[in-house]
Amino acid sequence: MLQSKSFVRKTKQGKVVKVVREHYLRDDIYCGASICKVCDSSTARLSPSASTILILDTNVVLNQIDLLENPAIDDVVVLSVVLEEVKNKNISVYNRLRTLCSNSMRKFFVFSNEYHKDTYVKQMAGESPNDRNDRAIRVATQWYQSHLGAAARVLLITNDRENKRKATEEGISAETVESYVKALGQPGLLDLLVQPAPEDVGMEEVEDLRPSKRKVIYSEHKPMSEITSGLHRGIYHQGKLRVNRYNPFEAYVGSESIGDEIIIYGRGNMNRAFDGDVVAVELLPQDQWQEEKSLSIADEEDEEEEDVHLVPSSADDAPRNTDLAQGSVGGTKAVLCRPSGRVVGIIKRNWHSYCGSLEPMPMPAGNGGIAHALFVSKDRRIPKIRIQTRQLGNLLDKRIIVAVDSWDCLSRYPSGHYVRTIGEIGDRDTESEVVLIENDINSRPFSLQVLACLPPLPWSVSSEDLANPCRLDLRHVCVFSVDPPGCKDIDDALHCTTLPNGNFEVGVHIADVTNFVHPGTPLDDEAAQRGTSVYLVERRIDMLPKPLTEDICSLRSDVERLAFSVIWEMTPQAEIISTKYTKSIIKSCAALSYIEAQARMDDSRLMDPLTMDLRNMNALAKVMRLRRIERGALTLASAEVKFQIDTETHDPLDIGMYQIREANQMVEEFMLAANVSVAEKILKHFPLCSLLRRHPSPTREMLEPLLRTAAAVGLNLDVSSSKALADSLDHAVGDDPYFNKLIRILATRCMTQAVYFCSGDLSPPEFHHYGLAAPLYTHFTSPIRRYADVIVHRLLAASLGLYKLPTIFQDNAQLTSTADNLNYRHRNAQMAGRASVELHTLIYFRKRPTDTEARIVKIRSNGFIVFVPKYGIEGPVYLTPRGEKGGGEWVVDEQQQKVKKMDGSISYSVLQTVMIHMEVVEPQPNRPKLELALICR
Amino acid sequence: MEFVSPEGLRLDGRRPMEMRQIRGEIGAVAKADGSAFFEMGNTKVIAAVYGPREVENRSQQISDQALVRCEYTMANFSTGDRMRKPKGDRRSTEISLVIRQTMEACILTHLMPRSQIDIFVQVLQADGGTRSACINAATLALADAGIPMRDLVTSCSAGYLNSTPLLDLNYVEDSAGGPDVTVGILPKLDKVTLLQMDAKLPMDIFENVMQLAIEGCKAIANYIREVLLENTKQLEYRRGP
Ligand SMILES: [Zn+2]
């Protein structure tokens, strides 16, 4: 049956055209009920015992998706008209609904009512699209009821009053969500409901908890039509709002229309926008730019408290432009004069659910009733959220997930609803889970489809592999691996043999993961989604299933394994004469730890071949490293810490700096060289679709904090190039042996992180890797735990003519989005790793108050930030109690980076060593935090 | 964008392997020696054939075979925006050439030396797959003109979107920018006379997509045969016993 749909559409050029589309109606769309005698029930999803079948209205799906995700709601028919409407209004809800529909554990059935000959409705004259869709929903409900007859009750769930009224008139049973959920008799479910109206009076109590606060009332959002015309006329600017991770009262909107970032200071100017929302911004008059800034600072000191945290390992981890002490004193005015603005409307919300806990509050009188509480997200960028709960006593000491529903301009905080409980606050498992959720890390076990892609176990090298002419048999070569102790996912191994002409043959052998992970398989899709393995202190979340990670791909000793090798001929001066790339079969003769390898090299009595190879290799690596540093590569310092974990309780037993040995540097050097060689090879063959890694040069603005600190201690750093910076870092030696490392740590945090990109998206000068001073770089050496390396393996194999290039490489947009996902996953994995270390640091110090040495890294108006080298953390130390301002007792000297007592008796300057006391305190019940206090001498 | 829903339906309600509704009619232009109207969904084309007749321009005459000429045009009202397109733009010239070559391959030109056959095709309404529709219309018109042919030639397209091979793309699907394979076949001889694709596809997928287009061509051939048969019956009936 054919229907023609016609509608009027405006083209991009502003012309109005009539569009006619065909619309085929079918008789082969089935109802999905397994009890149905008429339909083909092979695709049926609804349970045979279902007495009630629910049909949802669009508004129910849009608002109550958290409820729908609860297994208590089942046997649901999702109409295609509803799906379409949800997709247009909120793509994230759409994706969640789609996930529900494809989840085999749930009974959600999609009924394509728009294509069914009996349920398709044509828009009537004068009928709005909305009314037409409502009618379509009712027609479909009626069809279901008459189709199934007495076998089941078909219930329309709608919160649209008009739709419900019409449905009842037409003899359809319809109910609101609230009444349906109430009738189920599970009070817990009620918390999941989105509160319908903002006229809830009880909320006042919560707001009154802070009576000293001036009442914040936000300005009304402009209507969409006004925003559109404002954007058109250039008075508003559209962009995505990014809230500063370290100062939630400061946000940025990258605007294409003015080609710069607009800074939004304060919650008032943010006007209820969340991080990630697409907003319309109006610029403030230029003379207000400065004063708005102080507003955000006032806000900050008012409300937020800085926690002790890990030392940032790059500029992305560090606060940006929020050197409060310096900002208010001035001196860097040029930097501050950036356009600032305020949000006038929200074009697209980025609301999802957030992880956190309730703000401690007394139990309200008349227990058992509904309580109002404030939810504080772990993510500081998110404002507090008001929720209603019937289980307050239960939730106060828990980590919970809350979703946002609405934010009207009369309330200081948005309102939301409870979604689920993760566990008790402070409990290690709960907090680890929070870290995973916060960073969007999938830690679910691999699905059966994914596991089905694995080769059968026990796996061993087959005769076909041996007979394959493309595979070089290197089993006779003495190949070995050097890794951290206890490493199970060994993805690289090395060999180094002396050639008759005095040169060396050096090979880097990488696990041949792409021999097992084929493009387009569920296994590959899953790995691409995960992007990387995630290393938490007490556990590892793998990118690939364990049999691959720890067995089939792991280059363990004394077993034959498949590898992808880069083999060089090098002179004793480590000049590369030739490079060969080949798939291979290796048999590692030793899996050494860094310590073992180091010990062998150092023990002059040992003269066995393996040790000799190690020493040759180390000599070559030293030459390569020296050359790299001469070229301008930066040797940055990190303050990585290592925990010793109790195998039984998983509690941290000891904590200390990670020691870097020569053996580490040796392995690193050859991995860098292999990555560079592979980058050259793939780019030569695929100039437009290679996946590379670049590290942008830091701007002068980014290096500003480093320069200011250096100047204060009389050190002059040349930052004109990476070579110049590297040289001046080398020359930065003071009397104290730790000084140089400290300066390097401070330099590290000024750099941004390296990122993956697709070579077709940028021009060759932009490929540069600043930190390594290399024109080209990629990741090839860790395919077991990084998906980027899997992609690069495929590119390399294709460039050798071993396989053809998978189709994704022809689609530049898809490749770019893959690179973006890898950057996102990589970043999240790092953040999760850091958060996990922070968590374990807290657990460690819970029972161990400690006095230790610390270095001042930043001066503030009421104290300073210290870095604790031994534990790799930093945090604030207050000279005056919080809340009280300096009171004129302490003054900051910006030039000298000093904070002095008024009478001049005591002063502290940057990089100075101080003794501090570290202790875990609980200012509020269940909210432990690590506190640093100065020990006065 | 989602071109095939998880339920396996395309935007217009078809399943991936389904063709749009097709309709063919013989004799739309009385003046011509043969003519036909052909419709694939909302794509509607008309074809008229003149000849075999004397060659207009003597210098073009071929001594041992007929001269086949083809002109493809799009009516100004055929697309929504009613843009005036200059006659003989590159796209039209290319499609004219494609149609001429495809038709020439099935006309028994050696039976009509020193003559000329003109094929005019015009798109009345465009909604994707115009070149296939034109070839199908031209086949009908040639048959109506009684021009000797080796076989019918029919054409159909297939594409590949959302990792699914799709038969007979409409305009929306065609503008998605995915690969679009247009195939023309001689169904009885089982030979491919036209194969066009302006995108990249891995070999194994390409074969699937092409096979799908061929199935489409065969279905159209069956339909065209029915139309011709019906037409012949009508003629017979009119002529009387
Ligand atoms: Zn049925």
Mind checking which helices (runs of 4 or more DSSP H) fall wholly inside the stretch A:659-754 and carry at least 3 residues that are over 30 Å from the mean Cα position of the chain (by Cα)? A:662-685, A:700-712, A:722-731
When the stretch A:46-63 is examined, which residues are found to be within 16 Å of the ligand (Cβ to nearest atom) and surrounded by fewer than 23 Cβ atoms within 10 Å (Cβ to Cβ)? A:SER47, A:PRO48, A:ALA50
Take the stretch A:66-82 and flag every residue that is open to solvent by 10 Å² or more (accessible area, probe 1.4 Å) and of a type outside the set (Asp, Glu). A:ASN70, A:PRO71, A:ALA72, A:SER80
Can you tell me which residue in the stretch A:715-740 is nearest to A:PRO698 (Cα to Cα), limited to those that are surrounded by 16 or more Cβ atoms within 10 Å (Cβ to Cβ) and out of contact with any helix residue (DSSP H, G or I) (no Cβ under 8 Å at 6 or more places or on another chain)? A:SER722
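For the stretch A:914-935, name all the residues that are on the phi < 0 side of the Ramachandran plot and open to solvent by 50 Å² or more (accessible area, probe 1.4 Å). I'd like the intermediate steps shown before the answer.
Taking the stretch A:914-935 as the starting set, the residues that turn out to be on the phi < 0 side of the Ramachandran plot are A:914-925, A:927-935.
Result: A:MET915, A:HIS917, A:GLU919, A:GLU922, A:PRO923, A:GLN924, A:PRO925, A:GLU931, A:ILE935.
Which count do you get for residues in the stretch A:385-399 that are open to solvent by 20 Å² or more (accessible area, probe 1.4 Å) and out of contact with any Ser or Thr (no Cβ under 6 Å at 6 or more places or on another chain)? I'd like the intermediate steps shown before the answer.
Taking the stretch A:385-399 as the starting set, the residues that turn out to be open to solvent by 20 Å² or more (accessible area, probe 1.4 Å) are A:388, A:390-391, A:393-394, A:396-399.
Narrowing further to those that are out of contact with any Ser or Thr (no Cβ under 6 Å at 6 or more places or on another chain): A:388, A:390-391, A:393-394, A:396-397.
Summing the residues that are open to solvent by 20 Å² or more (accessible area, probe 1.4 Å) and out of contact with any Ser or Thr (no Cβ under 6 Å at 6 or more places or on another chain) in the stretch A:385-399 gives 7.
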When you go through (1) touching a helix residue (DSSP H, G or I) at 6+ places or on another chain (Cβ under 9 Å); (2) within 16 Å of the ligand (Cβ to nearest atom); (3) open to solvent by 40 Å² or more (accessible area, probe 1.4 Å) one by one for A:ASN159, which number turns out not to apply? (2)
Looking only at the stretch A:782-797, decide whether some residue is more than 21 Å from A:SER763 (Cβ to Cβ), within 23 Å of the chain's Cα centre (by Cα) and among the polar types (S, T, N, Q). yes
Failed condition for A:PHE504, given (1) touching a Lys or Arg at 6+ places or on another chain (Cβ under 6 Å); (2) at pLDDT 90 or above; (3) not aliphatic (A, V, I, L, M), with all others met? (1)
Any chance the stretch A:21-36 includes a residue that's surrounded by fewer than 15 Cβ atoms within 10 Å (Cβ to Cβ) and either assigned to a helix (DSSP H, G or I) or within 15 Å of the ligand (Cβ to nearest atom) (or both)? yes
Go through the stretch A:118-171 and give me each residue that's under 45 Å from the mean Cα position of the chain (by Cα), over 25 Å from A:LEU193 (Cβ atoms) and of a type in the set (S, T, N, Q). A:THR119, A:GLN123, A:SER128
Restrict the check to the stretch A:284-292 and report whether at least one residue is modelled with pLDDT of 75 or more, closer than 20 Å to A:PRO339 by Cβ and acidic (Asp, Glu). no
Looking at A:VAL513, A:VAL537, which is the one that is touching a residue at least 12 places away in the same chain (Cβ under 8 Å) and open to solvent by less than 10 Å² (accessible area, probe 1.4 Å)? A:VAL513
Restricting the stretch B:13-24 to residues that are buried (at least 16 other Cβ atoms within 10 Å of the Cβ) and in contact with a helix residue (DSSP H, G or I) (Cβ under 8 Å, 6 or more places away or on another chain), the residue that is nearest to B:VAL49 (Cα to Cα): B:GLY24
Candidate set from the stretch B:192-221 (those that are free of Cβ contacts under 8 Å to residues at least 12 places away in the same chain and not in a loop (DSSP other than H, G, I, E, B)); member that is nearest to the chain's Cα centre (by Cα): B:GLN211
For residues in the stretch A:110-134 being open to solvent by 50 Å² or more (accessible area, probe 1.4 Å) and over 24 Å from A:ALA44 (Cα atoms), which is nearest to the ligand (Cβ to nearest atom)? A:LYS122
How do the pairs read when you match residues in the stretch A:137-159 that are at positive phi with residues anywhere that are more than 11 Å from the ligand (Cβ to nearest atom), using Cβ under 7 Å and keeping only pairs 6 or more apart or on different chains? none
Taking the stated definitions as given, is B:VAL49 in a strand (DSSP E or B) and either more than 14 Å from every other protein chain (Cβ to nearest Cβ) or without any contact (Cβ under 8 Å) to a residue 24 or more places away in the chain (or both)? yes
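Yes/no per residue for (1) at pLDDT 90 or above; (2) not in a helix (DSSP H, G or I):
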site	(1), (2)
A:PHE109	yes, yes
A:ALA125	no, yes
A:ASN133	yes, no
A:ILE137	yes, no
A:TYR144	yes, no
A:VAL154	yes, yes
What number goes with the only condition from (1) more than 14 Å from chain A (Cβ to nearest Cβ); (2) open to solvent by 20 Å² or more (accessible area, probe 1.4 Å) that B:MET1 does not pass? (1)
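Residues are listed down the side, and each one gets a yes or a no for (1) farther than 21 Å from A:ARG242 by Cα; (2) touching an Asp or Glu at 6+ places or on another chain (Cβ under 7 Å):
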residue: A:PRO360; (1), (2): yes, no
residue: A:LYS398; (1), (2): yes, yes
residue: A:ASP405; (1), (2): no, no
residue: A:VAL419; (1), (2): yes, yes
residue: A:ASP429; (1), (2): yes, no
residue: A:VAL435; (1), (2): no, no
If you check every pair at least six apart or on different chains, which have Cβ atoms under 7 Å apart with a residue in the stretch B:150-179 that is facing chain A (nearest Cβ under 10 Å) first and a residue that is open to solvent by less than 10 Å² (accessible area, probe 1.4 Å) and charged (D, E, K, R) second? B:ASN170/B:ASP12; B:ASN170/B:ARG20
Go through the stretch A:413-446 residue by residue and tally those that are at positive phi and open to solvent by 60 Å² or more (accessible area, probe 1.4 Å). 1
Filtered residues of the stretch A:94-109 (kept if surrounded by 21 or more Cβ atoms within 10 Å (Cβ to Cβ) and away from chain B (no Cβ under 13 Å)): A:LYS107
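The values are calculated or read from the model by the stated rules, or taken from the named source; none is laboratory data. Computed from a prediction, not measured in an experiment: that's the story for all the values here. FYI the Cβ positions are ideal-geometry reconstructions off the backbone, even for glycines, and counts take in every protein chain you see. Side chains are part of the model used for accessible areas, which takes the heavy atoms of the whole protein and leaves out ligands, DNA and RNA. Shrake-Rupley method; radii C 1.70, N 1.55, O 1.52, S 1.80 Å.
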